[in-house]
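Read the structure below first, then the notes.
The values are calculated or read from the model by the stated rules, or taken from the named source; none is laboratory data. Just so it is clear, the structure is predicted and the values come from calculations on it, not from any experiment. Methodologically, a virtual Cβ is constructed for each residue, glycine included, from the backbone with ideal geometry; neighbour enumeration extends over all protein chains shown.
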Amino acid sequence: MSGRGTLLSFISKSEDRIRILVDHREKQSLTVKELLRLGAELEFRSLNVGDYVISECVAIERKTMEDFANSIIDRRLFEQARALRAAYSRPLIILEGRGPLMREIREEAITGALISLVLDLTIPVIWVNDAVESAKVILTIAKREERGDLRSISLKDRRRAKTPDEEKEYIVASLPLVESVTAKRLLSFFGSVEKVFTASERELMKVEGIGPKKAKRIREVLTGAYGIRTSCGATCQEDPKEKRET
C-alpha cells in the first residue's frame, strides 16, 4: 500500500467491538490473541510506523524486553521512536516483560534509553508484565479514544506516492476527517488540489461524504492562522451525524 493509506471508520455505539489497526507482523503474537479474546476487531496491515494504530493521533509500539534491548544495541530504537513521534501526535511505547536483562547490555543503558524516550522525545512508556496486560492496555486506550459514535484511524507512514494522482490524493487525504475514498471524490469533483483547498463550505458539501461539520473543520484548518493550538480530539473526531453521509 502506498501513500497515506485508507482511513477506516470505526464502529458505532450500537456495536460492542472496538476496531484497531495492527501491523501484520503482530498477527501471531499473544497480545493479538488476547485482544481477539477480549472482543476487539483487528484490521491487519503492513505498517511502516507503530504496531497498533488506535486513532489519527495515537499509535503504539509494543516491545518485549528482549526486543527493546536488541533495538538499543543495533540502534533501531530511536530511529523507530522518532518516526513514531513524527507521524502521530500522541505516540506510546509498551514495554512487555520483566525478566533478566541480556548479558550484552547493561541496566544503565536500559534506564538511559527509557529516560531519553520520555524526556527527549516525549513518548510515554508503559511497562507491563506480559502480553495479556499489553492487550488490556491497548484495548483500554482504544476505548478511551473513542469519541461519540464514529472514530477514524489513518496510516501516516510517510511512504512515497507512486504516481502524480496518488500524490494529489495523499495531500487531500491529509485534511482532517478525510479518508482516501473521500479524497478521491473531492479531486474528481473539483479537478485539482488547488480547487479543493479553495472551495467554500457550501461547495465542499456537494461532495458525497462531506457534511456541514466536516466541511467546517476542513475550512478551519485551511484558513486558520498557524500557531493556534487545538486539542487532538478535535482533529480525530467526526460528527456522528455525518456517518450516514460516507
- Task: Having 1 or more residues that are closer than 19 Å to D165 by Cβ is the bar; report the helices (runs of 4 or more DSSP H) wholly within the range 180-227 that clear it.
- Result: 180-190, 193-198
- Item | Condition check for L42: within 12 Å of the chain's Cα centre (by Cα), farther than 24 Å from G209 by Cα and either buried (at least 23 other Cβ atoms within 10 Å of the Cβ) or modelled with pLDDT of 90 or more (or both) | no
- How many residues are surrounded by fewer than 20 Cβ atoms within 10 Å (Cβ to Cβ) and within 17 Å of R219 (Cβ to Cβ) if we restrict to the range 160-174? 2
- Task: Give just the number: which of (1) out of contact with any strand residue (DSSP E or B) (no Cβ under 7 Å at 6 or more places or on another chain); (2) modelled with pLDDT under 90 does R17 not satisfy?
- Result: (1)
- Message: Pairs needed: first member in the range 170-190, farther than 15 Å from E56 by Cβ; second member anywhere, outside any helix (DSSP H, G or I) and of a type in the set (D, E); C-beta distance under 6 Å; at least 6 residues apart or different chains.
- Response: R185/E208
- Message: If G97 meets every condition in (1) closer than 18 Å to E26 by Cα; (2) crowded, with 16+ Cβ neighbours inside 10 Å; (3) under 22 Å from the mean Cα position of the chain (by Cα) apart from one, which number is that one?
- Response: (3)
- Query: Can you name the condition, by its number, that E104 falls short on among (1) charged (D, E, K, R); (2) under 24 Å from S180 (Cβ atoms); (3) part of a loop (DSSP other than H, G, I, E, B)?
  - Reply: (2)
